[in-house]
1. So which residues in segment A:225-252 are more than 15 Å from RNA strand B (Cβ to nearest atom), in contact (Cβ under 8 Å) with a residue 60 or more places away in the chain and either closer than 16 Å to A:ILE484 by Cβ or among the basic types (Lys, Arg) (or both), if there are any at all?
2. For A:GLY108, which of the numbered conditions (1) outside any loop (DSSP other than H, G, I, E, B); (2) crowded, with 19+ Cβ neighbours inside 10 Å fails to hold?
3. Return the pair list, or none, for Cβ contacts closer than 8 Å from residues in segment A:36-47 that are within 13 Å of A:ARG119 (Cα to Cα) and modelled with pLDDT of 95 or more to residues that are surrounded by fewer than 18 Cβ atoms within 10 Å (Cβ to Cβ) and of a type in the set (Lys, Arg), at least 6 apart or on different chains.
4. Which ones in segment A:240-290 are acidic (Asp, Glu) and closer than 24 Å to A:ASN419 by Cα?
5. For the subset of segment A:41-59 comprising residues that are within 36 Å of the chain's Cα centre (by Cα) and under 18 Å from A:ILE110 (Cβ atoms), which member is surrounded by the fewest Cβ atoms within 10 Å (Cβ to Cβ)?
6. In segment A:123-137, what residues are touching a helix residue (DSSP H, G or I) at 6+ places or on another chain (Cβ under 8 Å) and buried (at least 18 other Cβ atoms within 10 Å of the Cβ)?
7. Name the pairs: first residue in segment A:319-335 and surrounded by fewer than 12 Cβ atoms within 10 Å (Cβ to Cβ), second residue aliphatic (A, V, I, L, M), Cβ to Cβ under 7 Å, at least 6 apart or on different chains?
8. Please find, among A:VAL169, A:VAL180, A:VAL195, A:VAL165, the residue that is more than 26 Å from A:VAL383 (Cα to Cα) and in contact with a Gly (Cβ under 8 Å, 6 or more places away or on another chain).
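The values are calculated or read from the model by the stated rules, or taken from the named source; none is laboratory data. This one's a predicted model, so the numbers in the text were calculated from it and none came from an experiment. Cβ sites come from the backbone with ideal geometry, for glycine too, and all protein chains shown count toward neighbours.
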Amino acid sequence: MDLGAVTDQELIRRKKLDELRERGIDPYPARAERTHTAKQAKAAFERGELGPEDSVALVGRMMTRRIMGKASFAHIEDGSGRIQIYLRRDILGDETYNWFFKKMLDIGDIIGVKGPIFRTRTGEITCEVHEITLLAKTLHPLPDKWHGLTDVETRYRHRYVDLMVNPEVREIFIKRAKLVRALREYLDKEGFLEVETPILQPIYGGAAARPFTTYHNELDQTLYLRISFELYLKRLIVGGYERVYEIGRDFRNEGVSFKHNPEFTQLEFYEAYTDYHGVMRRAEELITYAVEQVNGGLQLTYQGHEIDFTPPWPRIPLRDIIHDRTGIDILQYRDPDALRQAIRKIGGNPNPEAGWGKLVDSLLSSYVEETLIQPTFLVDYPVDISPLAKRSPDNPDIAERFEGFVGGMEICNAFSELNDPLDQLDRFLEQRRALEAGDEEAHPIDEDFILALRFGMPPTGGFGMGIDRLTMVVTDKPSIREVILFPHLRTKGMPSHLPELLALKEGKPIPQSKEEESAENPD
RNA sequence: GGGGCGCUAGCUCAACUGGUAGAGCAGCGGACUCUUAAUCCGCGGGUUGGGGGUUCGAGUCCUCCGCGCCUCACCA
């Protein structure tokens, strides 16, 4: 669907602009008068604070209109909601009512009205309009007042229209903001310092992902968009802050899916003098606090599943859950080829390049992840896919790491942070070998990070969580794109409507739309 | 990247095995002073995502391309 095309309806509205200006009316004035929001006006009236002699000034977008000859009703909508307005010719006069309101205004126009509040016979609180002004003229018609806008592609590409006509979509992002605020509240209350670390990084790291690459002209330097905050936040722990967190954007140059967007919002916190068990307890507290604040309780429905966030959440060793779901005991197959053989035996198709840890991880994502509906921690991960996590004292091949799952999705990842600089060096060297062997998601060596560890980092627990995914759960949305205001979509091949727009500007007939590459996206 | 599904008026959707592209809302003209998916009468509006092909005839069949959704692969 192509919302950008210019139509005959728009030309009609375009002509109204000229007519308004000819009569000395500015269709885009700079100022508006307002005494109440729609919600405030209704509340004040219900409290009896507004009598028939009191006038309010309201603003908003006209969403519906019912003209019945010499009287009309309409709804205007502002950021607080809708309110009905009532217009009469014998109050407004012939020119204002018949010409201005009925002929010049359209659904979608942003207007201001003044007048007293009353209740109609059917009980709706309504503003009786004594003055009406145009605040911004709409050229493009609004989508269907009843069905709204449903085409997902159009909704994401032109989110403003989606927000305008689909109030439940506005609600999603209000909830998202509440969620982020609650996470901050919890961490601030617990003495965590909110910090900001570089998005443009000369060396990326902290996650297994391919980065976006960019370039600084003046410095003649290649830079990467961060794939995590981890290595910078741990430097701050070395520096002496004991509790730090950051909420911000990560960028991973990977495929997109219902749970992956190329840029996504991450929360990471690091806490000195705790380990992954301590982080698990804190994760429970943090997430339950946030869910409670947004949702008003710890039970919610996600895609038909009743989910209960009441702690404590089960802690299940990764080895056990994989054994339970697949019959494979990963510790019985320490050799990658042996594990591959076992995976084939249960009908899987293992990656021939993958090492032991990656095979274990693919078992997790293929057979376990989608079954973890209730909040669950899986603990103790392979060291070779956890290059920044501390080894278990009981088993040097296992890292003190956990991931949290809910609604069949991984939402967080945490570990006892590796603070042994020489072990860290080994892990980086191992990553470099993988990188050189063609693993595009392996880390480069960050020598300055090693230097930081050489100065000594206290025992530390670290945590990372995808805020988009948690938002999906609390808003009951099946796709990450529903909880990102402007999700990434391909723009190549989108048509340009400049010729039509120029005709519209001149008030001339609209030429036929032709497929043309957008000028901003040569390629 | 593979496979499947989709793209029809500004919006929401119809159109059987190929046979004149329709409806509701929105818009335009008219009636109507408490309506709320207002109602009633009338009218305009389409390169059926784009190109090519088969056919007397294509929204419908074939093919290439674009975009999206789902799915598999990939992916901390």
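1. A:ARG235, A:ILE247
2. (1)
3. If the second residue must be surrounded by fewer than 18 Cβ atoms within 10 Å (Cβ to Cβ) and of a type in the set (Lys, Arg), the pairs left are A:PHE45/A:ARG119.
4. A:GLU242, A:GLU246, A:ASP250, A:GLU268, A:GLU271, A:ASP275
5. For segment A:41-59, the residue satisfying everything is A:ALA57.
6. A:ILE125, A:CYS127, A:GLU128, A:VAL129, A:ILE132, A:LEU134, A:LYS137
7. Hits for this filter: A:GLY327/A:ILE346.
8. Answer to the selection: A:VAL165.
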